[in-house]
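The values are calculated or read from the model by the stated rules, or taken from the named source; none is laboratory data. Given the structure is predicted, the values throughout are model-derived calculations rather than measurements. Every residue, glycine among them, receives a Cβ derived from its backbone with ideal geometry; neighbour counts consider all protein chains shown. Each accessible area value is taken on the protein alone, full model and side chains, heavy atoms only, with ligands, DNA and RNA left out. Shrake-Rupley method; radii C 1.70, N 1.55, O 1.52, S 1.80 Å.
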Amino acid sequence: MKVLVCMSVVPDTTTKIQFNSDKTELQKDGVQFIINPYDELAITKGLEIAEANNGTVTVIHVGPAENDPSIRKALSMGVNEAIRVNSIAYDAQFVAHEIAQHATEYDLILTGRESIDFNGGAVCGLLAAELGIPSVNVVTEIQYADGNCTMTRDIDGGRETVSCPTPCVASAQKDLCEPRIPNMRGIMAARTKPLNVVAASGAAEYSNISSFESPAPKSGVKMIDADNAEELINILKNDLKVI
Amino acid sequence: MSVAVFLELENNEYKKSSIEALVYGSQLAQMMGIELVAMAFQASGNTDELGKYGAQSFIALGDTNHINADSAPTIISAASASVNATVIILSNSYTGKNLSPQIAVSSNASLATNVVSLPASANDFTVKRGVYSGKAFAYVTLNKSTKVLALTPNSFDIKENPQTCNISAYNGESANSKINVVSTDKVTGKVALTEAEVVVSGGRGLKGPENWGMVEEMADLMNGATACSKPVSDMEWRPHSEHVGQTGITIKPNLYIAIGISGAIQHLAGVSSSKIIVVINKDPEAPFFKAADYGIVGDAFEVVPKLISALKA
Ligand SMILES: Cc1cc2nc3c(=O)[nH]c(=O)nc-3n(C[C@H](O)[C@H](O)[C@H](O)COP(=O)(O)OP(=O)(O)OC[C@H]3O[C@@H](n4cnc5c(N)ncnc54)[C@H](O)[C@@H]3O)c2cc1C
Ligand SMILES: Nc1ncnc2c1ncn2[C@@H]1O[C@H](COP(=O)(O)O)[C@@H](O)[C@H]1O
């Protein structure tokens, strides 16, 4: 039983997002990069399923060598081996296409629900469609048995449980599991585990980012005295007309 | 050529986020000087309503066994090709997030999800989309001749553009789905958080799950939804589906009321695009006040009941 987990590397959640002066690139000075939080869940669930089924877990990342420490962290969590496609991750379509070149031999492919930098939520569906296998996004539960997955996923306004044969692609949502924390043995073992670097096969042809923009700052808070709290409702109703 | 919009239904009504997609499509079709085609599954749907918002024709995609079935994107793609659609638009709902990438692959299209603006012009297909979990936007140029867009709910005002809307049926092949639905558990009678125009949210300052009655009451009185901070859902005071923020869901209601939430950067990431933010916190130094439009320094257990009685008045 083989599991493939797609992993992106993103700015730590406390990062104040700032761009260079021509607004074309993220300012990376002092920014700490981490495994995308949803991908940590995907890795952990992949490990749980592989361990219960005598299987293996491979992680794949599309990105530059500076992201190798995050890949080593995944290996220290218990992942067996890693593939890094040596390229900038231009967009979700480029990433999915690159991953698809290495993803044909797996039973279960996991991604995160979305990357917290690009927020596309797209790689799961893109990869499934490229491979011609089912896509089940935002899953909070996965049971694997005998070439079949039963999964619970978030849907708009509720949840549903679906089943499908493997191979399939699923994207991890919060609640899937608690992220595994590497132990000392894992960290030592990770140093010698295989991290295979491969070249990209295609070009970034789908889209390009021309510039970034920061949200307009708030003009300042107006305080309302707690004794006159009712005044807020009056403002919301009559001045702002939002209720 | 045409612009195609895929609509979702809930209880036989088009969802608000889908109508927003239709309005977006109508403005885009006008900009590009081409026709606007709407399509949906299970549509005994109301075509008068589609015409009201600019649809010139409607394709009934027939019944699919399920909207998240793996045959759904193929059908939408084929129906879009049958009307030479160069742009296919969906809402960035959970369903839209599942469908749009698969449609992009089967239509050999460029994809942008989380879109919040129309393209600059018909010749420059550059759209603005949310990135870094609400902390920034990116301008993305889509290069392929066909484009698939998934729109962030509550980003476009609903405007009418009355047209006569003709109905046709789509009779293409539909492959069997490998995905089978075992069970569905829908919260009925509540406003979905991502679609809500008003959201009332509670944090650890509310002390325990037993105190959420007033949060729910306040939300109900404004026809809004309830949300919470991450620790609140981690402690299981509230369901995880209500957790907003960087690792929860991103929302942009017209009004966000935060009660007993400190305003950590990860929380703000998910809510800072809200049009009006109101913060109620007993600590005048709470960081959330810096991101707020209106603030009340006070004890939630005193302030909220006052707001509730003012709403009832
Ligand atoms: C990787 C990572 C991801 C994260 N993602 C998210 C996320 O997506 N969403 C999220 O919310 N958090 C997230 N967090 C957690 C975030 O950093 C904060 O810890 C969290 O938002 C704090 O929640 P809170 O404001 O409810 O609680 P607290 O920080 O404990 O704040 C409680 C507030 O209530 C006020 N208060 C207390 N009593 C009263 C009263 N009687 N009346 C009025 N006010 C009162 C206090 O003054 C205080 O400001 C993340 C953290 C990490 C490390
Ligand atoms: N550069 C990347 N390399 C490998 N996997 C990625 C990369 N970017 C995104 N992914 C995967 O795709 C998921 C969704 O990302 P996105 O579509 O960017 O929101 C992430 O949670 C990862 O599992």
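The set of residues from region B:110-127 being of a type outside the set (S, T, N, Q) and surrounded by fewer than 20 Cβ atoms within 10 Å (Cβ to Cβ) comprises B:Val116, B:Leu118, B:Ala120, B:Ala122, B:Asp124.
If you go through region B:136-151 and pick out every residue that is within 11 Å of chain A (Cβ to nearest Cβ), part of a strand (DSSP E or B) and not aromatic (Phe, Trp, Tyr), you end up with 8. Among residues of region A:94-117 being in a loop (DSSP other than H, G, I, E, B) and open to solvent by less than 10 Å² (accessible area, probe 1.4 Å), the one that is modelled with the lowest pLDDT is A:Ile116.
Looking only at residues of region B:20-38 that are closer than 15 Å to B:Val115 by Cα and not small (Gly, Ala, Ser), we find that the one that is most open to solvent (accessible area, probe 1.4 Å) is B:Gln27. Scoring B:Ser273 on the criteria (1) closer than 22 Å to B:Met214 by Cα; (2) buried (at least 21 other Cβ atoms within 10 Å of the Cβ); (3) small (Gly, Ala, Ser); (4) touching a helix residue (DSSP H, G or I) at 6+ places or on another chain (Cβ under 8 Å) leaves a single failure, condition (1). Restricting attention to region B:163-190 and to residues that are modelled with pLDDT under 80 and β-branched (Val, Ile, Thr), the residue that is surrounded by the most Cβ atoms within 10 Å (Cβ to Cβ) turns out to be B:Val187. Look through A:Ala50, A:Ala42 and report the one residue that is more than 16 Å from ligand 1 (Cβ to nearest atom), surrounded by 20 or more Cβ atoms within 10 Å (Cβ to Cβ), touching a residue at least 24 places away in the same chain (Cβ under 8 Å) and more than 11 Å from chain B (Cβ to nearest Cβ). Just a single option satisfies the conditions, and that option is A:Ala50. Is there any pair linking a residue in region B:291-313 that is more than 8 Å from chain A (Cβ to nearest Cβ) to one that is open to solvent by 60 Å² or more (accessible area, probe 1.4 Å) and of a type outside the set (D, E, K, R), with Cβ under 9 Å and at least six apart or on different chains, and which? Close Cβ pairs (under 9 Å, with a partner that is open to solvent by 60 Å² or more (accessible area, probe 1.4 Å) and of a type outside the set (D, E, K, R)) amount to B:Ile308/B:Leu221; B:Lys312/B:Leu221.
When region A:93-122 is examined, which residues are found to be basic (Lys, Arg) and away from ligand 1 (no atom under 16 Å from the Cβ)? Correct list: empty.
From B:Glu302, B:Glu285, which residue is closer than 26 Å to A:Lys16 by Cβ and surrounded by fewer than 18 Cβ atoms within 10 Å (Cβ to Cβ)? That would be B:Glu285, the only listed residue that is closer than 26 Å to A:Lys16 by Cβ and surrounded by fewer than 18 Cβ atoms within 10 Å (Cβ to Cβ).
Within this structure, B:Thr74 passes the test of being within 13 Å of chain A (Cβ to nearest Cβ) and open to solvent by 10 Å² or more (accessible area, probe 1.4 Å).
Listed by position, the helices (runs of 4 or more DSSP H) enclosed by region B:1-117 that each have at least 3 residues that are within 30 Å of A:Gly112 (Cα to Cα) are B:16-32, B:72-82, B:94-106. Only strands (runs of 3 or more DSSP E) whose full extent lies in region A:142-243 are considered here, and the ones with at least 1 residues that are more than 8 Å from chain B (Cβ to nearest Cβ) are A:148-155, A:168-172, A:195-199.
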